[in-house]
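Report on the structure given below.
The values are calculated or read from the model by the stated rules, or taken from the named source; none is laboratory data. Every value quoted in this text rests on a predicted model; they were computed, and no experiment measured them. Virtual Cβ from ideal backbone geometry, glycine too; neighbours counted across all protein chains shown. SASA here: full protein model, heavy atoms, side chains in, ligands and nucleic acids out. Shrake-Rupley method; radii C 1.70, N 1.55, O 1.52, S 1.80 Å.
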Amino acid sequence: MHHWRVGVLPWRASKFKSVVFQEALRFAAATHSFRSLSAAEMLGGREGDWSDGGDGRQEVAYFLDEARQVGVITLDAAERRNAFTRRMAKQWRALVDDIEADLRRPLSKTKPRALVIRGKGLSFCAGGHLGMLRDIAKNEDVSENGRVLTELYSSFLSIRRLGVPLVGALHGHCVGGGAGIAMGCCDVRVADRGTLLRFNFVKDLGIHPGMGTTRLLPELVGQSAAMQLLFQLRSREETLALLESLGVVRVVGGDNGGDGGRAAFEAAMEVAAGLARANPAAMRSLLQTTRASPQKMQALEKVLEEEGREQARTFASPECSFQKENAKL
C-alpha cells in the first residue's frame with residue numbers, strides 16, 4: 001500500500017495534505033480508439049478561458065508517492081486533451097518553483113527523488129489551446145506576441161533546472177507544443193503504443209516551431225532526423241517508430257495501444273522508482289552537467305527568445321493557418 005501526498009495549486013496557500021490517492025492508477029477508461037482529429041480538436045478547439053486565469057481553476061495537479069519518493073505532475077484539462085493555456089503554464093511554473101524550494105530543504109519529507117509527467121484523460125497534450133493561438137494571431141503587436149510566446153515556453157521548460165530525473169508517460173495525442181513538452185521536459189519517455197506524436201508547427205499550422213524544439217529535438221535525434229520530423233515527412237505512426245528506434249521513447253502496451261495511458265503511466269512509475277533509488281547527490285550532479293546548470297538554462301532561454309520572435313512573425317504572415325478565413329483547423 002502506497003502512501004500518497006497530494007498537493008494542488010496554490011501550493012503556497014496550503015501545504016500538502018496527506019490523503020489516499022485513490023485514482024492514481026485508474027487512468028481513464030480501459031480502452032480507447034484514437035481517430036484522426038482535426039487541428040482544432042488537437043489544439044483544444046472548445047471555447048474557454050485560456051488567459052492567465054483568475055477563477056481558481058487548477059489545470060496542473062501534483063501528488064507524491066512517499067514510499068517510492070516519486071512525484072507525479074498531471075496536466076489536468078482532459079476536456080480539451082490537455083491543450084495548454086497561459087493559465088496552465090503559470091501554474092506549472094509555480095509548481096516547479098515549489099518543488100525546487102522543497103528540494104533545497106535538507107530535512108524536507110516531501111521532496112521527490114524523481115518526477116513523472118503525464119496527461120489526464122485521452123491524451124498527453126494536444127499542443128496550444130486553439131483560442132489562445134487565435135488571439136495571438138489577431139494581435140498586431142508582434143513584439144508583444146513574441147514576449148508572450150517566449151514566457152509560455154520558458155514556463156514549461158523551467159522544469160529542466162530541477163536536479164531530479166524527469167520521466168514522461170505519453171499517450172493519445174502528443175502534438176505540436178505537446179510533443180515539445182515530451183521532448184524538452186523529460187529525460188526519459190515511455191509511450192503507449194497508440195500514441196500519435198507529431199511536430200505539426202510548420203506544415204499544418206504555418207508557424208515557426210516553439211517549446212525549444214529547434215534546439216532540443218536535434219540534440220535528441222540528430223539534425224537529419226529532426227528535420228524529417230519538423231518537415232512532417234513521416235506519418236504519426238512512423239514518427240513514434242523512429243523515436244523508438246533511436247532510443248528516445250520506450251513503447252509499451254498492446255498492439256493497438258489505446259488503454260488510456262495506463263500502461264505507459266505504470267511503466268513510467270517503475271522507471272522513476274528505479275531512478276529514485278540512486279544516490280541523489282550523484283543524480284543531481286549528473287543532471288547539472290547535462291541540462292540543469294545555470295549556463296545551460298541561460299543558453300536555452302536565448303533559444304526560446306529567438307523562437308518566440310520567429311513564431312510571432314509567422315503568426316502574422318498571411319499564409320499562417322490562423323490568418324486564413326476558411327482554413328480548417
Original post:
Could you say whether any residue in segment 88-99 is open to solvent by less than 10 Å² (accessible area, probe 1.4 Å), without any contact (Cβ under 8 Å) to a residue 40 or more places away in the chain and either out of contact with any Gly (no Cβ under 6 Å at 6 or more places or on another chain) or among the charged types (D, E, K, R) (or both)?
Top reply: yes
Exactly one of 166, 170, 157, 149 is out of contact with any Gly (no Cβ under 8 Å at 6 or more places or on another chain) and either more than 17 Å from residue 74 (Cα to Cα) or at pLDDT 95 or above (or both), and that residue is 166
Does residue 188 count as of a type in the set (A, V, I, L, M, F, W, C), in contact with a strand residue (DSSP E or B) (Cβ under 6 Å, 6 or more places away or on another chain), within 20 Å of residue 291 (Cβ to Cβ) and touching a residue at least 12 places away in the same chain (Cβ under 8 Å)?
yes
Query raised in the report: For residue 163, are the conditions met, namely being among the small types (Gly, Ala, Ser) and surrounded by 24 or more Cβ atoms within 10 Å (Cβ to Cβ)?
Result: no
Picking from 308, 260, the residue that is modelled with pLDDT under 95 and open to solvent by less than 30 Å² (accessible area, probe 1.4 Å) would be 260
Is one or more of the residues making up segment 312-321 under 24 Å from residue 211 (Cα atoms), in a helix (DSSP H, G or I) and either of a type in the set (D, E, K, R) or open to solvent by 30 Å² or more (accessible area, probe 1.4 Å) (or both)?
yes
When every residue in segment 60-87 that is small (Gly, Ala, Ser) and under 19 Å from residue 158 (Cα atoms) is compared, the one most open to solvent (accessible area, probe 1.4 Å) is 61
Taking segment 100-142 and keeping only residues that are acidic (Asp, Glu) and open to solvent by less than 50 Å² (accessible area, probe 1.4 Å), one is left with 100, 102
Quiz item: Quick one: is residue 301 of a type outside the set (Gly, Ala, Ser) and touching a residue at least 60 places away in the same chain (Cβ under 8 Å)?
Solution: yes
Is it the case that residue 284 is closer than 30 Å to residue 70 by Cβ, modelled with pLDDT of 95 or more and more than 20 Å from the chain's Cα centre (by Cα)?
yes
Quick count over segment 271-305, residues being in contact with a Gly (Cβ under 7 Å, 6 or more places away or on another chain), of a type in the set (D, E, K, R) and open to solvent by less than 30 Å² (accessible area, probe 1.4 Å), is 0
